[in-house]
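A short worksheet on the structure shown next.
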Amino acid sequence: MTSEQPGEEAADLELLRQWDWDHVWHPFEPHDIGAPQKPPLFVRGEGCWLIDSEGNRVLDGVSSLWCNLHGHRVPDIDQAIRDQLDQLAHSSLLGAINIPAARLARKLVEVAPKGLSRVYFSDDGATAVEAALKIAFQYQQQRPNPQPGKNRFLALNEAYHGDTLGAVAVGDIPRFHRQFGPLLFPVKRVCQPFCYRCPLNLKRPECALACASEATELIGRHAHELAAVIVEPVVQGAAGMVVAPAGWLEAVALACKRFDVLLIADEVATGFGRTGRLFACEHEGIVPDLMCLAKGITGGYLPLAATLATEAVFQAFCGPPSEGRAFYHGHTYSGNPLGAAAALASLEMLLKPGYLAEVETKGKQLEAGLAVLAKHAHVGEIRRKGLMLGIELVANSVTRAPFGAAERVGRRVTDHARSHGVLLRPLGDVVVVMPPLSITGAEIDLLAQAVSRAIFETLPEGFN
Ligand SMILES: *Cc1c(COP(=O)(O)O)cnc(C)c1O
């Protein structure tokens, strides 16, 4: 780590650290009062780097929780926000228009899979999902030839779609979700397309994509009661960077069409170039009925989200007020002009020729840099799509037996990585490596070396 002068405010920063300790309730943190931690206190960003209160620079290896695309303090995005700030910071989208939201809606429809023509704005991934679920439910009651019996959802095992109650209901990560069971609506489940831990105990390619057949069969069998199927296309992020085998998504999309069930693609993690295509749905040429976007939408700057819908879905909500077909749902900051301005600037950068092709090149370089781990006795699998990468650590790479949760192996690896100047956040024992798309070749090498070293330091017992 390189150090910079801490600056004169060092004493103030210690006071702020105390105020944080006394008052801030951090998301997803155990808050073990008996074992005080010293989390980093970031004061500045610079490209792919975060700079803490002591002047230490750390590489942002998880893109500030999967949302940063072009690094921190990007001149074009900074300027777009400043320009908008000189015009209007916020006005409501309820019964009024703002310029950046209209421009962004137009742009999103241009670049999204063909057929998605309507944009419903909200603030976060969870709200984008929540809106999609309610739209799907209400659509089935108001569509031509209404199907009120189609009022349930089918979701994947180990799914993660956010933390509001509807999103939690379709989610299935026991540690996050089990507690809230009594509050949730029932959801049908289908097995994950997860080859390393095949839920059907089969092997590729002899399996002939049995998991997709199972999904198709379930959708067919429950079609009469299903409003929609919700999936994370191609990569199930929070489940541990689970990359679906080619063909699975297309099969599910076909089944939804065939059995007249809506398909909701949750692209909150995969969208905006993360997988090497603008949207993960493009990998299999599918068009969902509803598509949820958030995280990367503003390049990692401001909270903004969008739920895209097809014209057919939207039309079911049109009519005179007396018919009560409107979607009575919304948020104060829907379509916030500053967020929309940031999103437009970020999209313009993403759409520059060659930008997305480079994501795949960089992903390959990152994977090559981690090749030294391939023979490590505790590295089960390295999974990657574009610049979404997960390293699954296991107690035994032959039997694939996991470590005990109490060993906190993933957490220990990311602690070591931080001492090598890289900020990571694990998902259990999957070490997530997901840097900004703008990362340079030299930074990729540094990142790969730090991650490999951290794994060897945490688990020194070596090779198979
Ligand atoms: C992060 C995430 C969400 C929730 O997004 P928030 O902005 O944190 O509410 C939803 N779906 C997926 C796939 C995600 O990765």
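The numbers here are math on the coordinates, done by the rules we state, and not lab data. From a predicted model like this one, the values you see are computed outputs, not experimental measurements. Virtual Cβ from ideal backbone geometry, glycine too; neighbours counted across all protein chains shown.
What do you get when you divide the Cα radius of gyration of the range 78-350 by 2.2 N^0.38 Å, with N the number of residues?
1.00
Based on the mean of other Cβ atoms within 10 Å per residue, sort peptides 255-263, 108-116, 25-33 so the most packed one is first.
On the way: 255-263: 20.2, 108-116: 16.6, 25-33: 8.1.
Output ranking for 255-263, 108-116, 25-33: 255-263, 108-116, 25-33.
Please work out the C-alpha center-to-center distance from the range 111-148 to the range 50-105 and express it in whole Å.
26
Just to confirm a number: summing +1 for Lys and Arg and -1 for Asp and Glu over residues other than ASN151 whose beta-carbon lies under 13 angstrom from that of ASN151, what do you get?
After counting each charged neighbour, the total is +4.
Given +1 on the Cβ of Lys and Arg, -1 on the Cβ of Asp and Glu, and no further charges, what dipole in debye does the chain carry about its Cα centre, rounded to the nearest 20? Could you put the intermediate results ahead of the total?
On the way: 43 positive and 51 negative charges, 301 e Å.
Its charge dipole is roughly 1440 debye.
How many angstrom lie between the Cα centre of the range 435-464 and the Cα centre of the range 16-32?
29
Among PHE317, ALA212, ALA417, whose Cα lies farthest out toward the positive end of the dipole of the chain, if unit charges sit on the beta carbon of Lys, Arg (+1) and Asp, Glu (-1)?
Checked the options; the winner is ALA212.
Among the complete DSSP H segments of the chain, which ones combine at least 24 Å of alpha-carbon extent along their axis with a mean Kyte-Doolittle hydropathy of -1.0 or more?
Membrane-span-like by this criterion, though nothing is claimed about a membrane: 125-142, 441-458.
Within 10 Å, count the other beta carbons around each residue, average over each peptide in 299-309, 343-353, and list them highest first.
For the peptides 299-309, 343-353, the packing ranking is 299-309, 343-353.
What is the distance in Å between the Cα centres of the range 234-280 and the range 294-371?
If you average the Cα positions of each part, the centres end up 15 Å apart.
For the chain, what does -39500 (n - 2.57) per DSSP helix run (n ≥ 4), summed and divided by total residues, give at 222 nm, in deg cm²/dmol to the nearest 500?
Working: 14 runs with 157 residues, N = 464.
Helix contribution divided over all residues of the chain: -10500 deg cm²/dmol.
Under the 0.36 nm per residue contour assumption, what length would be gained going from the current alpha-carbon distance of GLU214 and ARG325 to full extension?
Difference between extended and current length: 36.4 nm.
Of the beta bridges DSSP finds with both residues in the chain, what % are antiparallel, to the nearest 5?
65
Please enumerate, by chain and number, the aspartates and glutamates with C-alpha under 18 Å from the C-alpha of LYS362, excluding those fewer than 8 residues away in the same chain.
The qualifying aspartates and glutamates are ASP60, GLU443, ASP445.
Quick one: if you take sqrt(5λ) for each eigenvalue of the C-alpha gyration tensor of the range 1-150, what semi-axes come out, biggest first, whole angstrom?
Details: eigenvalues 328, 105, 49 Å².
Those come to 40, 23, 16 Å.
Positive end of the charge dipole of the range 78-350 (Lys, Arg +1 and Asp, Glu -1 on Cβ, about the Cα centre): tell me which of LEU183, ALA326, GLN236 has its Cα farthest that way.
Final value for the positive-end residue is LEU183.
Determine which residues of the range 16-43 fall in the zone a paramagnetic label at GLN179 would reach in this model, i.e. backbone nitrogen under 16 Å from the point 7 Å along Cα→Cβ.
25-33
Test of understanding: what is the full-extension gain from PHE42 to GLN141, defined as 0.36 nm times their sequence separation minus their Cα-Cα distance?
Contour length minus the Cα-Cα distance gives 30.8 nm.
Assigning unit charges at the beta carbon (Lys, Arg +1; Asp, Glu -1) and nothing else, what dipole magnitude in debye, to the nearest 20, does the range 29-173 show about its Cα centre?
Details: 14 positive and 17 negative charges, 182 e Å.
Once rounded to the nearest 20, the dipole reads 880 debye.
Any chance you could run the full-extension gain for GLU461 through LEU16? It's 0.36 nm times the residue separation minus the Cα-Cα distance, nm to one decimal.
Extra length from GLU461 to LEU16 when fully extended: 156.1 nm.
Say each of LEU85 and ALA368 gets a label point 7 Å from the Cα, pointing the same way as Cα to Cβ; how far apart are those two points in nm?
Each label point lies 7 Å from its Cα, and together they span 4.1 nm.
With a sphere of radius 12 Å drawn around the Cβ of PRO303, what net charge do the other residues whose Cβ falls strictly inside it have (Lys, Arg +1; Asp, Glu -1)?
Net charge around PRO303: -1.
Label the range 297-411 by shape, choosing from rounded, prolate and oblate, from the square roots a ≥ b ≥ c of the eigenvalues of the Cα gyration tensor; if a/c is under 1.5 it is rounded, and otherwise prolate applies when a/b is larger than b/c, oblate when it is not. Don't skip to the end; give the middle numbers.
Numbers: a/c = 2.96, a/b = 1.92, b/c = 1.54.
The shape class here is prolate.
Sequence gap of 8 or more, or different chains, plus Cα separation below 22 Å: how many lysine pairs satisfy both in the range 78-350?
Going through the range 78-350 pair by pair, I get 10.
What fraction, in whole percent, of alpha-carbon pairs in the chain exceed 44 Å separation?
Of all Cα-Cα distances in the chain, 12 percent exceed 44 Å.
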